[in-house]
Amino acid sequence: MDKLDELRAELLAAVSDAPDADALEKVRVAVMGKKGRITDMMKGLGQMDPDERRTFGAALNALKDDVATALDGRKAAFETAALNARLESERVDVSLTARPDSDGTLHPISQTIDEVIAIFGQMGFELAEGPDIEDDFHNFTALNFPPGHPAREMHDTFFLPEREDGSRHVLRTHTSPVQIRTMQSRKPPIRVICLGRTYRCDSDMTHTPMFHQIEGLVIDTNINMGHLKGCLKEFVEAYFEVSDVPMQFRPSFFPFTEPSAEVDIGCSRKNGELKIGEGDGWLEILGCGMVHPNVLKACGYDPNEVQGFAFGMGLERIAMLKYGIPDLRTFFDSDLRWLRHYGFGCLDVPTLTGGLTR
Ligand code: 2U9
């Protein structure tokens, strides 16, 4: 037993003298490992007689527990010391400036689309969609464009290569073919808006080859121009967020409406600033009219039974007027500085109750 006490003193000294975690591990292996000293002694128990094994075995187990406890304690001390050293050396520099904000913004056209949908949606209009590539019937013929109309010329419209049957499809020049498709596939009453990309061979200060339109169509029995005026007044006041906007309907001409009108709204221009709804100036914002009987007939409707009104406007134009964007061409430059300036937060979804714009 004295031998075991000597061994205990020696092993505990080896544990407490180990200078670091690696040295401690070597001590552990030399004592408790497969061929370690205590392991060897444990193996020797088998050769002893039962009485000796009982007393010596108990003492050996006690020694083993003492050494294991000492090893664990020293190991924990090394780990604590290592952690403290890291905490001491690795500091978080709270004075570092934050990373730049890289949130994207919603393009003014997307914002305007959301606003227009919120307004007409509240008024009971549905949204209709159609293809960007259209056939001659839906883009021109059904809309009462006569055979020699300038819009049917190559220099006004983008035509696709001729098909096998000799027909040529076009990039839609307006969203009106969507309403033709709606009228063909449904029965009145119809209340739809269509919006999206439209294409014309035009490129200068105030025209881009691709631009966006919003059009509306209402077909029902006993529809008249009073309904058209009321609907447009409601829209203009909601969109520009002003009440009692003066409006004038000037006679005009479109193949697909009769009578047709262009609509101006009252505005003032002071020091280069445009204010909608006040002053004695006028600003043209949209075209409209009663759906031409030929258009109703082309869709299989009887003009003596149903009537309708329609209107159309350029989304870029109404966005420019509301948000003070001076140049149309900048809409499609993809200039990030422009987008950051004129863009909108993507979580600010426009609603009439929650607010159209923030
Ligand atoms: C159907 C019948 C009639 C849609 C209309 C206008 C007047 C109009 C222009 C405004 C500016 C186009 O973007 S713009 O260049 N549009 O003036 N659009 S009435 O009339 C329709 C549409 C579909 C079946």
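Which one is modelled with the lowest pLDDT, of the residues in region 261-285 that are surrounded by fewer than 17 Cβ atoms within 10 Å (Cβ to Cβ) and in a loop (DSSP other than H, G, I, E, B)? Top of the filtered list is 272. Scanning region 182-216 for residues that are near the ligand (Cβ under 10 Å from one of its atoms), assigned to a strand (DSSP E or B) and farther than 21 Å from residue 117 by Cα returns a single hit, 207.
Checking each residue in region 306-326 for being touching a residue at least 12 places away in the same chain (Cβ under 8 Å) and either more than 15 Å from residue 107 (Cβ to Cβ) or exposed (fewer than 13 other Cβ atoms within 10 Å of the Cβ) (or both) picks out 306, 307, 308, 309, 310, 311, 312, 313, 314, 317, 321, 324.
Quick check: anything in region 350-358 of a type in the set (D, E, K, R), in the same structural domain as residue 253 (by TED's automatic domain parsing) and farther than 19 Å from residue 174 by Cβ? Looking through region 350-358, none of the residues is of a type in the set (D, E, K, R), in the same structural domain as residue 253 (by TED's automatic domain parsing) and farther than 19 Å from residue 174 by Cβ. Within 28 Å of the chain's Cα centre (by Cα) and more than 10 Å from the ligand (Cβ to nearest atom) - does that describe any residue in region 172-179? The answer is yes, given that some residue of region 172-179 is within 28 Å of the chain's Cα centre (by Cα) and more than 10 Å from the ligand (Cβ to nearest atom). A residue that is in contact with a Pro (Cβ under 6 Å, 6 or more places away or on another chain), in contact (Cβ under 8 Å) with a residue 60 or more places away in the chain and either within 30 Å of residue 352 (Cα to Cα) or loosely packed, with under 15 Cβ neighbours inside 10 Å (or both) occurs somewhere in region 115-129. Scan region 181-189 and tell me whether some residue there is at pLDDT 95 or above and within 18 Å of residue 254 (Cβ to Cβ). Scanning region 181-189, I find at least one residue that is at pLDDT 95 or above and within 18 Å of residue 254 (Cβ to Cβ), so the answer is yes. Within region 44-59, residues that are part of a loop (DSSP other than H, G, I, E, B) have Cβ atoms under 7 Å from residues that are hydrophobic (A, V, I, L, M, F, W, C) in these pairs: 48/56, counting only partners at least 6 apart in sequence or on another chain.
Taken as a whole, the structure places residue 157 among residues that are outside the structural domain of residue 27 (by TED's automatic domain parsing) and modelled with pLDDT of 90 or more. When 241, 316 are checked against the criterion of being in the same structural domain as residue 113 (by TED's automatic domain parsing), more than 16 Å from the ligand (Cβ to nearest atom) and in contact with a Leu (Cβ under 7 Å, 6 or more places away or on another chain), a single residue qualifies: 241. Residues that are touching a Leu at 6+ places or on another chain (Cβ under 8 Å) and of a type in the set (A, V, I, L, M) were ranked within region 135-179; the one that is nearest to residue 193 (Cα to Cα) is 171.
Go through the residues of region 144-158 one by one and say whether even a single one is within 10 Å of the ligand (Cβ to nearest atom) and part of a loop (DSSP other than H, G, I, E, B). Checking region 144-158: at least one residue is within 10 Å of the ligand (Cβ to nearest atom) and part of a loop (DSSP other than H, G, I, E, B).
The values are calculated or read from the model by the stated rules, or taken from the named source; none is laboratory data. This one's a predicted model, so the numbers in the text were calculated from it and none came from an experiment. Positions of Cβ are backbone-derived with ideal geometry, glycine not excepted, and every protein chain shown enters the neighbour counts.
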